[in-house]
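Working notes for the structure below.
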Amino acid sequence: MNKMTLRTLPALILIAFSGTASAAAFQLWEQNASGLGTAYAGSAAVADNASTVFFNPAGMTQLTGFQLSAGVNGVGPRFEFNNEGSSGLLGGSGNGGNAGGWAAVPNAYFSWQLSPNWYLGFGVSAPFGLSTEYNNSNWIGKNQSIKSEIKTVNYNPSVAYKVNDKVSLGFGVNYQTINAEMTNATPLGLYALKGDDSAWGWNAGALFTLSPAMRVGISYRSAVSYTLEGTRALGATSSAAKADIKLPDTFILSVWQQVSDRWEAMGDLSYTNWSTLDKLKINHSTGTDVEAFNYKDSWRFAWGAAYRATESTKLKFGIAYDKTPTTNNDRSARVPDNDRVWFSLGGQWNTGKTGTFDLGYSYLYLKDPTINQSKLNGASTLRGRYDDSAHVVGLQYSVGF
């Protein structure tokens, strides 16, 4: 059975997980909707539903019996280019319209308490996703980018152990698939690269219950290394191609505190090792192509709060600052990213035995990024400014048995 046939099922699942980046670069924080309302503050410490499998598997020890959580986030970024002196563009015209657009990022998790101290969990999510496509394939920056797409699906079995009332530990294994596609124009015709792969990673976490009213969580999600295999086409000529890519590891430190009978406060500090993504070297029968990223490591800070308005209703809000891994000198039309601030609101309704519903919304304000990207050995330069922003809407259902 050939490789493409073996990957038919993951490819079909990827259609549903066609996320478009809303965290820095093309990382996706939208792994549940319950955390969206607080800008994902306290992500590794809140542990109030099964989605803790992703953020900190040790959090499963806060759950009882069998817990199920499933949801979807709609992510709608906007990337609109404004020309400011681009040159050498081989006949391209127009600014390309909005290179963003709405996409769905679904997720599903469960946890199961096997004994007073042991817990099992499983999650399906999309840790990374990118989709930028310019409306006009003959736009002014067609040499830099026409379409760029990365889709991942992550399968995450996990186990947690409650050491005592103060300390819990968790560990997970990750099987992750990736599909990637890039296109742009050249003097010889359309350049198109497609490839896919699957690889293994791991994640681990610890949860410290300092008091009944305060928890601290730490978690780590490993880097995942791929060898993309597919095709590289230039005009009417195509050949097999390979490219190594390493998606970054992430560390999270979180705190959750019950401030009063009605108020909860939470905070987050996360670090993503984006420097793993320096260059994409594409090896094919006639040589090697290089797509430069030059990413730097980045930080994210978040603070949030929740207010229990009634016994069944909780209101949430949060704010976060997300540092981009790119710089003004290295910014690409494929990922016209910049630092962003999250403004988030949400609500939670506990209906009793029938389960809990979470609804969240975030507006992402991005400082308008500039770009000065040269291609074709400097013969084509895209120079200007992007108008960037994003909206995220999420819905989640959680139930326990």
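Structural remarks
- The residues of segment 228-252 that are of a type outside the set (D, E, K, R) and more than 25 Å from TRP274 (Cα to Cα), listed by number, are THR231, ALA233, LEU234, GLY235, ALA236, THR237, SER238, SER239, ALA240.
- Complete set of residues in segment 246-289 that are assigned to a helix (DSSP H, G or I) and open to solvent by 40 Å² or more (accessible area, probe 1.4 Å): SER275
- Look at segment 215-227: where a residue is over 14 Å from PHE54 (Cβ atoms) and a partner is not in a strand (DSSP E or B) and not charged (D, E, K, R), sitting 6+ places away or on another chain with Cβ atoms under 7 Å, you get ARG215/ALA45; VAL216/ALA45; ILE218/ALA44; ALA223/PRO248; ALA223/ASN273; ALA223/THR276.
- Identification of strands (runs of 3 or more DSSP E) wholly contained in segment 83-149 with 3 or more residues that are in contact with a strand residue (DSSP E or B) (Cβ under 8 Å, 6 or more places away or on another chain) and among the small types (Gly, Ala, Ser) yields 103-113, 118-125.
- Only one of ASN107, ASN98, ASN143, ASN117 that is in contact with a Lys or Arg (Cβ under 6 Å, 6 or more places away or on another chain) and crowded, with 21+ Cβ neighbours inside 10 Å: ASN143
- PRO57 vs. criteria open to solvent by less than 10 Å² (accessible area, probe 1.4 Å), modelled with pLDDT of 90 or more, over 14 Å from the mean Cα position of the chain (by Cα) and not hydrophobic (A, V, I, L, M, F, W, C): yes
- Subset of segment 122-139 [open to solvent by less than 10 Å² (accessible area, probe 1.4 Å) and of a type in the set (Gly, Ala, Ser)]: GLY123, SER125, ALA126, GLY129
To keep it simple, each residue is scored yes or no on (1) in a strand (DSSP E or B); (2) touching a strand residue (DSSP E or B) at 6+ places or on another chain (Cβ under 8 Å); (3) under 24 Å from LYS142 (Cβ atoms); (4) open to solvent by 30 Å² or more (accessible area, probe 1.4 Å).
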residue: GLN176; (1), (2), (3), (4): yes, yes, no, no
residue: ALA204; (1), (2), (3), (4): yes, yes, no, no
residue: LEU228; (1), (2), (3), (4): yes, yes, yes, no
residue: THR231; (1), (2), (3), (4): yes, yes, yes, yes
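- Within segment 290-332, the residues that satisfy the criterion of being more than 22 Å from SER275 (Cβ to Cβ) and surrounded by fewer than 22 Cβ atoms within 10 Å (Cβ to Cβ) are TRP303, ALA305, TYR307, ARG308, ALA309, THR310, GLU311, SER312, THR313, LEU315, PHE317, ILE319.
The values are calculated or read from the model by the stated rules, or taken from the named source; none is laboratory data. Remember, it's a predicted structure, so these values are computed and weren't measured experimentally. Ideal geometry is used to build each Cβ from the backbone, glycine not excepted, and the neighbour counts take in all protein chains shown. Areas reflect the complete protein model, heavy atoms only, side chains present, ligands, DNA and RNA absent. Shrake-Rupley method; radii C 1.70, N 1.55, O 1.52, S 1.80 Å.
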